[in-house]
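Below is one structure, written out as structure tokens; the observations come after it.
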């Protein structure tokens, strides 16, 4: 009886250790040392939004993105036509909604970069509102340096990272 | 049958080890001359040897601290297991001041008895045994015992508490070719072992901050596409939403008494300001109030002041605000980019990120003299976090195009890089002492 119990206990231990080892090969979630395992967030909850390439075509712009200089938040005049195209569209489609996503290059403080990305997104929002777009159609968010457009540490990569993506949540 | 099951258990436990990572690329730049010479004699493990080499854990801990010059195991051929077996003149000839000896015995039922002693070779006192302890633990606690012994040895010989039983939290990012990514809030032992996720998300996770008791971590999650501050329990993974204001919800930092979080909130405006949030009542108090970026609050050890980063003067600099009087003073003056500051435990210095000659370096600022010492020398470094004993700083850096973690001593003499993992590793946060 005693031996039986011990074998059973060992079998359970072996199985649970084995399971832990299996799951660890996938995502390293385990049961050792009092960690009960990870929770998952945001997986499979992608919000619907309109394909960016499609929207760029509708608006007649190459890419619905505005790029910024290092540590700067002003919009260069070469992007005025993008602001204009989006403003015209949003005014004629009052149910359309956009999310302005501010981003930075991956240098410096991550939280300061969140502030910088927010300023860039707000700058674009302000320009759209000056063109008569309702603030109700706009949400701004900053991802700072957390979502680089291009990986790597070249100046070219950094330039493409410093941007505001204009994302249509609805047409 | 029993034997088979045991060997399966041993096999699967062994399968864990490849996931763990050990410190490597240790570059002891100047530390070794002043380091304490010590030998850690391999512990006899008996017939039922465990896969965990306790003496190796202690050896690595002490060597990686930079405070010890640990003798190479190949440099001696005596293996005393108890104080009476120590041949003092033999060990004195090996040019070490102290030796650590011990053994691990399997006592059945998956339990192990660990015995260790720290012996001084130059102590004139009648008893040259400085420390001796015995522990009974299970297999998966053997590493922890090793770290505990390292803490005791470190404290005995340096007078400073060791940090070998502390943990690191950090963000691990795995990017896929299709532009999607997996973001993981990870917790690992201070030496990188036992790494496991607390939270896994398809959207960015940022700015982990430990509660003072080491039981909870506050962080920013973009799981809803907009930033929100959450707190997770480290042991259970259970979590709760703390703030979800319009705009920026960032940079949570636990107050020393554990009752408040300092946070950066923009609340619909274009710029974040510092607030404190009472965790029990949920009440919010505004700390800064202007139209610049104010972020990255960290508390002084006594909770009386907060350091933060602000570009109110035109470029990001570190400021200190007195919580009672709201009197604010600028703290950094070297160069045009200083950020990510936090106090050393003695409140005499701050560790920060400083841009010098177009490089982002980790720096050490003495508050009295105003002297700024660079601890790193060029590159793209970020996110410094100080060990609770004030001796080491963990930070994020780049190596071969990947984000990895590195450590540097606060005197700048010891610098080591942690090996890369399956992904980019960023934003390390050193835990407090965990009892």
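The values are calculated or read from the model by the stated rules, or taken from the named source; none is laboratory data. A quick note: this is a predicted structure, and the numbers were derived from the prediction, not measured. When we count neighbours, we look across all protein chains shown, and the Cβ atoms used for this are built from the backbone with ideal geometry, even at glycine.
Here is a yes/no grid of residues against (1) over 13 Å from residue B:408 (Cα atoms); (2) within 14 Å of chain A (Cβ to nearest Cβ):
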| site | (1), (2) |
| --- | --- |
| B:358 | yes, yes |
| B:361 | no, yes |
| B:367 | yes, no |
| B:378 | yes, yes |
| B:382 | no, yes |
| B:386 | no, no |
| B:392 | no, no |
Quiz prompt | Test for residue B:345: is it within 27 Å of the chain's Cα centre (by Cα), part of a loop (DSSP other than H, G, I, E, B) and over 25 Å from residue B:377 (Cα atoms) | solution = no
Practice problem: Restricting attention to the range A:92-128, report how many residues are within 12 Å of another protein chain (Cβ to nearest Cβ) and in a helix (DSSP H, G or I). | Solution: 17
Quiz item: Counting just the residues of the range A:28-69 that are facing chain B (nearest Cβ under 7 Å) and at pLDDT 55 or above, which one comes out farthest from the chain's Cα centre (by Cα)?
Solution: A:37
Quiz item: So which residues in the range B:170-190 are in a loop (DSSP other than H, G, I, E, B) and crowded, with 22+ Cβ neighbours inside 10 Å, if there are any at all?
Solution: B:190
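Does residue A:131 qualify as being facing chain B (nearest Cβ under 9 Å), surrounded by fewer than 20 Cβ atoms within 10 Å (Cβ to Cβ) and modelled with pLDDT of 95 or more?
No, not satisfied.
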Quiz item: Within the group B:43, B:68, B:116, which residue is modelled with pLDDT under 95, farther than 30 Å from residue B:412 by Cα and crowded, with 17+ Cβ neighbours inside 10 Å?
Solution: B:43
Quiz item: Name the residues in the range B:357-374 that are more than 13 Å from residue B:341 (Cα to Cα) and surrounded by fewer than 22 Cβ atoms within 10 Å (Cβ to Cβ), would you?
Solution: B:357, B:358, B:359, B:368, B:369, B:370, B:371, B:373, B:374
Quiz item: If you take just the strands (runs of 3 or more DSSP E) that sit entirely in the range B:196-243, which of them hold at least 1 residues that are more than 7 Å from chain A (Cβ to nearest Cβ) and crowded, with 23+ Cβ neighbours inside 10 Å?
Solution: B:205-210, B:216-221, B:228-233
Exercise. For residues that are within 9 Å of chain A (Cβ to nearest Cβ) and in a strand (DSSP E or B), scanning just the range B:244-284, find the one that is nearest to residue A:109 (Cα to Cα).
Key: B:251
